[in-house]
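All remarks here apply to the structure that follows.
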Amino acid sequence: MDRATFACSTAFFRDYSSSAQGTCPAGHVDFIDKIESFTYSDFFRDYLIPNQPCVFSEKFTDGWGSRRNWVTWGGKPDFDHLLQEFGEAIVPVANCDVKEYNSNPKEQLPFKEYISYWKEYIKNGYRSSRGCLYLKDWHLSRAFPEQDVYTTPVYFSSDWLNEYWDAIAVDDYRFVYMGPKGSWTPFHADVFRSYSWSANICGRKKWLLYPPGQEDYLKDCHGNLPFDVTAPNLQDRSVYPRYNQSQPPVEIVQEAGEIVFIPSGWHHQVYNLEDTISINHNWVNGCNVAIMWCFLQDELAAVQREINEWKDPMDDWHLQCQLIMKSCTGIDYKEFYNFLKVIAENRISILENGLDDEASAKNTPKAAISTLGMLHAVFDLKRTVKVLTSLSANEDFKKLDLTSLSPPPEALLHHLKAAIDTALL
């Protein structure tokens, strides 16, 4: 991060509303063609801060192993190579033809069985009695770390979600998707209202994007979002009373090799127009961590409303609300504190101790922090202080048993502010 971008970000977030924002004038989405003329600071200033989508050309993925090895000369999935590398793996597969609540039901299948199904599905004219099956949310990089699959572009390298979950060795938000023509993902916004980036290894996708706030017009009379934003019943005003007030979606057709950046809080629906393989990351950083915090507060409030009648007779009602929220979202307030702590301590370590040459050469979060520069580390700390201050003052947080948190929130805040002051001397 250069000094001009640091100054721009400081000015923007000084008067920043924590709710997700973003619009696309006349539905236009920028296309980034050349690597050599597009810097991290360009992306940070023009897309991260204003929360705008964009598309990166295939030049940004040219060197990836998956684009060389997973695709035939004709641009199709190379089933033989994929079977050779991953045939015995167990993978999550969704049935796009079945609605279960507001998603598609999933099952675990051997990868070789899924490829056999996919081949047969193509042979039968993209039809099967099993329905349209879509391999989704496969943690391939975690299962096969030795594979040369891809390298995260520098633009997406300030990735707090995966930095934290790697540190605690529990989970990650790096996925591979594989599916036949016609497979699709229903209408949704991403986990924690995170950013996402999605790179097509082969095939083509169509994206329907709605800027934050537009989803309110798509809710039915009970406040529920639609499963499919293209369904004819959305025209029924007795069911969807505000649909006619919504804007048309921003539409993107993503070609092979291209990367789509989906901003924080943008709801979307996605179709595979051809047999397609993609790599997807969800990620949070200093630009949208406040949106994540707002999302968690909204989720907790929704849980509290649902079980409000048990508040008086239940001694540990506040704890139960946290447990329910974690089961629904994957995180509670105390883990969110630990998330902020890990991010902050990594940056303090870089500011105070630097990074030796051996560590810099490794593909680690600390190496990424170092690559982005000291001003980026200071920016991250300032955003962490902002959100941690809000969390510490939150009444629901203060009602929890915080004795297990180390260091205590007040001590961590003091350390962060001192580190920022020292770095800016």
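The values are calculated or read from the model by the stated rules, or taken from the named source; none is laboratory data. Given the structure is predicted, the values throughout are model-derived calculations rather than measurements. Using ideal geometry, Cβ is built from the backbone for each residue, glycine included, and neighbour counts are taken over all protein chains shown. Heavy atoms of the whole protein, side chains included, go into the accessibility calculation; ligands, DNA and RNA do not. Shrake-Rupley method; radii C 1.70, N 1.55, O 1.52, S 1.80 Å.
Total residues in region 233-258 satisfying the condition of being out of contact with any helix residue (DSSP H, G or I) (no Cβ under 6 Å at 6 or more places or on another chain) and open to solvent by less than 20 Å² (accessible area, probe 1.4 Å): the figure is 2. Evaluating ALA89 against the criteria (1) touching a helix residue (DSSP H, G or I) at 6+ places or on another chain (Cβ under 9 Å); (2) within 30 Å of ASP228 (Cβ to Cβ) leaves one unmet condition, (2). In this structure, PHE156 does satisfy being modelled with pLDDT of 95 or more, within 30 Å of LEU372 (Cα to Cα), open to solvent by less than 60 Å² (accessible area, probe 1.4 Å) and touching a His at 6+ places or on another chain (Cβ under 7 Å). Does at least one position in region 283-294 carry a residue that is within 30 Å of SER183 (Cα to Cα), within 19 Å of the chain's Cα centre (by Cα) and surrounded by fewer than 22 Cβ atoms within 10 Å (Cβ to Cβ)? No, that holds for no residue.
Residue-wise test of (1) farther than 30 Å from GLU215 by Cα; (2) outside the structural domain of LYS181 (by the TED database); (3) within 22 Å of the chain's Cα centre (by Cα).
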| residue | (1), (2), (3) |
| --- | --- |
| ASN51 | no, no, yes |
| PHE60 | yes, no, yes |
| GLY74 | yes, no, no |
| ASP78 | yes, no, no |
| CYS96 | no, no, yes |
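The set of residues in region 33-43 being surrounded by fewer than 17 Cβ atoms within 10 Å (Cβ to Cβ) and part of a helix (DSSP H, G or I) consists of ASP42 alone.
If the condition is being of a type in the set (Val, Ile, Thr), open to solvent by 50 Å² or more (accessible area, probe 1.4 Å) and outside any loop (DSSP other than H, G, I, E, B), then region 162-176 contributes only ILE168.
The residues of region 86-106 that are closer than 10 Å to LEU133 by Cα and of a type in the set (Asp, Glu) amount to a single one, ASP97. Among all residues of region 320-334, there is none that is of a type in the set (A, V, I, L, M), under 30 Å from LYS123 (Cα atoms), touching a residue at least 12 places away in the same chain (Cβ under 8 Å) and surrounded by fewer than 22 Cβ atoms within 10 Å (Cβ to Cβ). Here region 177-232 is the region considered, the condition is being in contact with an Asp or Glu (Cβ under 9 Å, 6 or more places away or on another chain), open to solvent by 40 Å² or more (accessible area, probe 1.4 Å) and not in a strand (DSSP E or B), and the residue that is farthest from PHE295 (Cα to Cα) is LYS181. Taking the conditions (1) closer than 21 Å to CYS287 by Cβ; (2) without any contact (Cβ under 8 Å) to a residue 60 or more places away in the chain in turn, TRP197 satisfies each one other than (2). If you go through region 390-413 and pick out every residue that is among the aliphatic types (A, V, I, L, M) and over 22 Å from GLN320 (Cβ atoms), you end up with 4.
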